[in-house]
Amino acid sequence: MSSEGRSRFMRSERTHSRTKELIFLILYVIAFYIFIIRRSFQLSLVHQGKLYGLRPGWLFANSLNDISDAQWRNFRSNLPILTLVFGVFTMMANLMRTSFQLRARGMSFVWLLLSFSYLSYLHGVCIIFILLIASLNFAIVRIFARTKYFQFVIWVLNVSFLICNRVYEGYPFSMFGQRWAYLDSFRGNFRWHICFNFVILRMISFGYDYHWAHQQSHFDQKKHIERCDICKSGRMCYHYQQEKSIQTDKFVFSLYICYLVHAPLYIAGPISSFNAFASQLDMPQKNYSARDVALYGLRWVFCLFLMELMTHWFYYNAFAVSGLWKFLSAMDIFIVGYGVLIFMWLKFLLIWRYFRFWSLMCGIETPENMPKCINNCYNVEDFWKNWHASFNKWLVRYMYIPLGGSQRKLLNIWVIFTFVAIWHDLEWKLLSWAWLTCLFFIPEMLIKAAANAFQAESVIGVLVFRELRAVAGAVTITCLMVANLVGYVIGPSGIDWLISQFLKRDGLPVLGGMFISFYVGTKLMFHIQDAKQCRH
């Protein structure tokens, strides 16, 4: 047989073996989810009388619905009034734009009017604090943007706001004197300092984009257009709008405030850079057609139905809130922990996509926060690129690169994840989550560096390398589960208890089965990745 024939035969054999492997993996995953669904339903049925946060459901007769998560409960209960506001604001803004041919300046005043009516309902007189802090930041940026002290000043100022807002719980008016105490009765329906975390990110974005507008741009527009399919077609992708510096006359107070409090993105994001926002306020996005936006909305409705189905059948979050998971077997703890992560992913997907949909309806494109399913990420870096992705892009642009990028990666991740923990809340369990994530990140970075240095060329070498990657993926998924359970469910004090449960005689087989399942899941992700590469 000729060398070409042997090569063709080996490729055929490899394809055949991978097909058989794929069939096995799919069958395993089907069996895994049948078991998980069946056991989850049994657990929810048996323990529903002991769980907190269950309310009468609407999908099935005599069913209960898990609305134990405060964030989901508030979003779900306010959805009707929010959608009414969504519809009215969108109609008014788009009508004003088309009727008067408004550009960035004109649209900023339209959105300021709409957004401040929205904020008045949410925060009442606490709008004063938002405007005062925003105005101070604007003044500081304009003063220090062209100096060498800019980065130090912008970070000290905004991290101080972040911490003080939390420590003083949004500054009760009574702390400024009893004559102002009556204003505390008009603080609105939503704590302003919770939403202000997103405003902090926008203030930093505005500062850096203004700072960079006065420097020579390193963005190669020509090279980007050659590589980007969207920009080749004559449109402008989000990345191009973000990286291309806008004219300095766009960095005015009205556009700045409009960016900070833009109603569709104010409560939960997604996070957009000032450059991209101002560009699209001037010229609405054209990357999504009316049909694309409508389909995006329909997909959101379908995801909402999935969430309702899940919370009517499986009470994962109620187990976590009630603390009942402490009395379960190792197998059931794994099922509840896994279920809580699925619930969290779907909850954030629904919240973030709702506001992104609203933004798209108003002509502003923002990054998709959940571009990938949680079950399709097998390393830490990939997970964080696809969980709150707009925040990840923000961190890369405004923290990671200014800190030195890949040259100081091992140091940068500690600074970045500590900031992320503080940004979420001032809690030890979130700092534990951040530092655990950093610890799990380090081995992955070292393995990646070694893998890039080692290029397997033989068939056996490729096979061994693929298996090692699958094992590493299983370890990483396990670590991510532990880090997120510590951060959002059990807290740092529960780590010892969790480890002891899985190291018992009846816990070890569960740990082994969990590892095998994650190994199988990682191998399936490889096949999905291969299929995508073949398609392109």
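The values are calculated or read from the model by the stated rules, or taken from the named source; none is laboratory data. Quick caveat, the model's predicted, so the values are computed rather than measured. Here the Cβ positions follow ideal geometry from the backbone for every residue, glycine too, while neighbour counts run over all protein chains shown. In case anyone asks, the SASA skips ligands and DNA or RNA and just uses the protein heavy atoms, side chains included. Shrake-Rupley method; radii C 1.70, N 1.55, O 1.52, S 1.80 Å.
Within the range 229-246, the set of residues being open to solvent by 50 Å² or more (accessible area, probe 1.4 Å), in contact with a helix residue (DSSP H, G or I) (Cβ under 9 Å, 6 or more places away or on another chain) and without any contact (Cβ under 8 Å) to a residue 24 or more places away in the chain comprises 232, 239.
On the basis of being assigned to a helix (DSSP H, G or I), of a type in the set (Gly, Ala, Ser), touching a helix residue (DSSP H, G or I) at 6+ places or on another chain (Cβ under 8 Å) and within 20 Å of residue 247 (Cα to Cα), does residue 106 make the cut? When the stated conditions are applied, residue 106 passes them. Please indicate, with yes or no, whether at least one residue in the range 68-91 is assigned to a loop (DSSP other than H, G, I, E, B), within 19 Å of residue 321 (Cα to Cα) and not β-branched (Val, Ile, Thr). Yes, some residue in the range 68-91 is assigned to a loop (DSSP other than H, G, I, E, B), within 19 Å of residue 321 (Cα to Cα) and not β-branched (Val, Ile, Thr).
Summed over the range 415-457, residues that are touching a Phe, Trp or Tyr at 6+ places or on another chain (Cβ under 9 Å), among the small types (Gly, Ala, Ser) and modelled with pLDDT of 70 or more total 2. Selection over the range 92-103 of residues that are surrounded by fewer than 19 Cβ atoms within 10 Å (Cβ to Cβ) and part of a helix (DSSP H, G or I) gives a count of 8.
Screening residue 81 with (1) touching a Ser or Thr at 6+ places or on another chain (Cβ under 8 Å); (2) within 22 Å of residue 190 (Cβ to Cβ) gives one miss only, at (1).
Yes or no: residue 188 touching a residue at least 24 places away in the same chain (Cβ under 8 Å), closer than 22 Å to residue 396 by Cα and surrounded by 15 or more Cβ atoms within 10 Å (Cβ to Cβ)? Judged against the criteria, residue 188 is not a match.
Got at least one residue in the range 398-416 being within 14 Å of the chain's Cα centre (by Cα), open to solvent by less than 30 Å² (accessible area, probe 1.4 Å) and free of Cβ contacts under 8 Å to residues at least 60 places away in the same chain? Within the range 398-416 (the criterion being within 14 Å of the chain's Cα centre (by Cα), open to solvent by less than 30 Å² (accessible area, probe 1.4 Å) and free of Cβ contacts under 8 Å to residues at least 60 places away in the same chain), the answer is no, since none of the residues qualifies. Scanning the range 203-228 for residues that are without any contact (Cβ under 8 Å) to a residue 60 or more places away in the chain, open to solvent by 60 Å² or more (accessible area, probe 1.4 Å) and not in a helix (DSSP H, G or I) returns 215, 216, 217, 218, 220.
Residues that are at pLDDT below 90, among the hydroxyl-bearing types (Ser, Thr, Tyr), exposed (fewer than 12 other Cβ atoms within 10 Å of the Cβ) and at negative phi do not occur anywhere in the range 54-71.
Does the range 362-377 hold any residues that are open to solvent by 30 Å² or more (accessible area, probe 1.4 Å) and in contact with a Lys or Arg (Cβ under 9 Å, 6 or more places away or on another chain), and which are they? Across the range 362-377, the qualifying residues are 368, 371, 372. Between a first residue in the range 419-438 that is in contact (Cβ under 8 Å) with a residue 12 or more places away in the chain and a second residue that is open to solvent by less than 50 Å² (accessible area, probe 1.4 Å) and outside any helix (DSSP H, G or I), which pairs have beta carbons less than 7 Å apart while being 6 or more apart in sequence or on different chains? Within 7 Å, the pairs are 429/491.
Can you name the residue in the range 169-180 that is assigned to a helix (DSSP H, G or I) and not polar (S, T, N, Q) and, of all such residues, is surrounded by the fewest Cβ atoms within 10 Å (Cβ to Cβ)? Once the filter is applied, the top-ranked residue is 179. The set of residues in the range 46-78 being without any contact (Cβ under 8 Å) to a residue 24 or more places away in the chain and in contact with a Phe, Trp or Tyr (Cβ under 9 Å, 6 or more places away or on another chain) consists of 74 alone.
Open to solvent by less than 60 Å² (accessible area, probe 1.4 Å) and assigned to a helix (DSSP H, G or I), is that true of residue 166? So residue 166 fits the description; yes. Would you check which residues across the range 301-325 are open to solvent by 40 Å² or more (accessible area, probe 1.4 Å) and either farther than 19 Å from residue 351 by Cα or of a type in the set (Asp, Glu) (or both) and list them? Residues satisfying the conditions are 313, 321. All of (1) within 30 Å of residue 467 (Cα to Cα); (2) surrounded by 21 or more Cβ atoms within 10 Å (Cβ to Cβ) hold for residue 381 with one exception: (2).
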